[in-house]
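Below is one structure, written out as structure tokens; comments come after it.
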Amino acid sequence: MKDEQTFVDKEENTPQENVVNEADQAAEEQNPVNDSAESAQEGTEAEVLDPEVAKFKALAEENEKRYLRTQADFDNFRRRTQKEKEDLAKYATTKLITELVPVIDNFERAMSTADSNTDTDSLIKGVNMIFRQLEGVLGAEGLTVMNTVGQPFNPEFHQAIMQVESDEYEEGFVVEEVQKGYMIKDKVLRPAMVKVSM
């Protein structure tokens with residue numbers, strides 16, 4: 001009997017226990033709804049993030065392609081300019097040599113007629129004309145002869161080979177030119193060899 005009573009006691013709950021049990025059951029029933037709501041919210045956030053992530057990935061890929069194209073363009077530009085420099089150095093004298101070829105032709109003609117022609121005056125006149133032609137070609141390229149005699153000695157333009165006494169010039173002036181000096185445009189091509197007054 002006691003056992004039966006104990007069993008009944010266990011089965012029957014007090015009204016307060018019933019209220020607590022009902023609340024627990026309600027909470028359990030609501031949790032699956034909340035879980036599904038949370039998972040739905042996470043799914044929505046993932047859906048929102050996925051297009052943004054995809055957009056940034058696409059932008060990163062585009063920037064990488066642009067960088068690689070720019071790098072390739074720069075490498076091609078560098079190779080092309082290097083080749084142009086080499087070609088320029090290789091063929092820089094082509095224009096000058098093309099202009100000098102007629103001078104060489106005229107010298108050959110003068111030498112061929114020198115053996116058979118006894119008229120030295122015409123030969124000298126012809127050689128002078130060829131020399132003027134050569135000066136014209138070189139002058140067109142910017143070659144000029146330095147004017148040295150009577151100028152103050154300047155080690156940038158003159159190479160002194162000796163000092164001499166002079167009544168005509170003060171000390172430190174070029175008295176005599178032993179070898180001509182040349183300028184190409186504004187640069188010294190060859191300094192003049194000179195004698196300087198002391």
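The values are calculated or read from the model by the stated rules, or taken from the named source; none is laboratory data. All values reported here derive from a predicted model rather than from experimental measurement. Because the Cβ atoms are built from the backbone with ideal geometry, glycine has one as well, and the counts that use them run over all protein chains shown. Protein only, heavy atoms only, side chains kept; ligands, DNA and RNA dropped before computing areas. Shrake-Rupley method; radii C 1.70, N 1.55, O 1.52, S 1.80 Å.
Points worth noting:
- The distance between label points at Glu86 and Ile104 comes to 2.6 nm (points 7 Å beyond Cα on the Cα→Cβ vector).
- Prolate/oblate/rounded label for the range 95-198 (Cα gyration tensor, a/c 1.5): oblate
- In the range 42-147, chymotrypsin sites (Phe, Trp or Tyr not before Pro) in a DSSP loop with at most 13 other beta-carbon atoms within 10 Å: none
- Proximal lysines to Lys195, defined as alpha-carbon separation beneath 29 angstrom and excluding residues fewer than eight positions away on the same chain: Lys180, Lys185, Lys187
- Percent carbon-and-sulfur accessible area, the range 45-198, ignoring ligands, DNA and RNA, probe 1.4 Å: 57
- Computed over the alpha carbons of the range 44-129, Rg followed by Dmax gives 34.4, 112 Å.
- Partners of Lys83 within straight-line reach, counting lysines whose Cα lies under 26 Å from its Cα and excluding those fewer than 8 residues away in the same chain: Lys95.
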